[in-house]
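Structure, as structure tokens:
Any read-out appearing in this document is the output of simple, stated calculations on the displayed coordinates, not a laboratory observation. Values in this document were obtained by computation on a predicted structure and should not be read as measured data. Note that each Cβ is placed from the backbone with ideal geometry, even for glycine, and that neighbours are counted across all protein chains shown.
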Amino acid sequence: RGEAASQELLDLLWQKYVRPLQQSDRPWKRELLQQQAVAVLFSYVKQVRLLGAELAVKLGKAHKIEATQERIASVCFAVGELASVFRIFALYASAFCRAAGALARFEAAEPAFAAFLEATKVRSDGLSLDYLLILPIQRLPTYTAFLHDIVEDAGLRPETSGSVDERVHSALARLDASASFVEEAVRQSEARQELVELQRRFTPRSRRAIKLLDARSGHRHLVKAGRVTEALDRGTRLETFEFHLLSDMLLISRPKVAGLKLAPARRGAVPTHLELREVLSAADFTVPDPSAPAPGSQGWSPNHSDSGSPSS
């Protein structure tokens, strides 16, 4: 029943939202589909929907088997046969992370698209495009949890070589591997998206930061972000900075609002832009080895000059 309900929602997403948007009978629709991230996501909606339909058929046949253990085995086999295909969910998840921001920005900029989403939501029992698009990502962990539960309840054990029990657990292992693949793809995609959003906040003058935050590099990710305040002019003036700790460096920037530096009088404003002030490599802020020579002793040398760096 759960799979049938999930398939109904995928059908709703396809019929009410994606297909009408792909018809390109309006200039704004063509403009939307020209955004590659959105077009790719919509193509994966179709593939995930077809995969769901195939699985629903297999589960329906398995459900008709009367013997409990055989029925459970058939359910696991049905999912296990499609386990490798489930990696499409990883591609879908990656596409979703890239397209979500583009869809939100287009909705804010194009009144016709916003009106379409609102009208379609009313005709879809209050289910929004955002809500329906996230469902496929949430579905695969549900499969794994469900199958592990029924196998445990039935007391199946992979003890006898060539037995039904062994084949069931083999199917579950393949599904677990696919789920892990999806989780890692989602994590990497979210990490890339964080860099993209941060990159957009830097002003054109901060060319070095924009280059360093190129998400295509693949190895760099955001670890932590926050603000620090530095006391200047012997403590008579305070200046706020934003820091972004990446996996291999620390970026220190001046927050700006509407292209202007964040002045004390405007501290309540939300900083939307950043201007790079300093870049520290991982070696610059590595905790010293306690066994290393103390400062001032023979053999000691500083990692970098402390001049001009903000205090935390």
Given H placed 1.01 Å from N in the peptide plane, which residues other than close sequence neighbours of S206 have an amide H under 5 Å from its amide H? L276
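Between R30 and E183, what is the FRET efficiency for a Förster distance of 22 Å, r being their Cβ-Cβ separation, to the nearest 0.05? Mind showing how you got there, number by number?
Values: r = 35 Å, r/R0 = 1.60.
Between R30 and E183 the formula returns 0.05.
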So which of K211/K256; K29/K256; K29/K121 end up more than 25 Å apart by C-alpha? K29/K256
For A115 and R87, what is the calculated FRET efficiency with R₀ set at 41 Å and r taken between the beta-carbons, to the nearest 0.05? 0.65
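FRET efficiency for Q7 and T240, Cβ-Cβ distance as r, R0 = 51 Å, nearest 0.05?
Once rounded, the FRET efficiency stands at 0.50.
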Amide H neighbours of H221 under 5 Å, at least 5 residues apart or on other chains, H built in the peptide plane: list them. S247, D248
Residue-ordered couplings for the range 174-184, obtained by feeding phi - 60° into the Karplus form 6.51 cos²θ - 1.76 cosθ + 1.60 and rounding to whole Hz (Gly and Pro as x), are 5, 5, 4, 5, 5, 5, 5, 4, 5, 4, 5
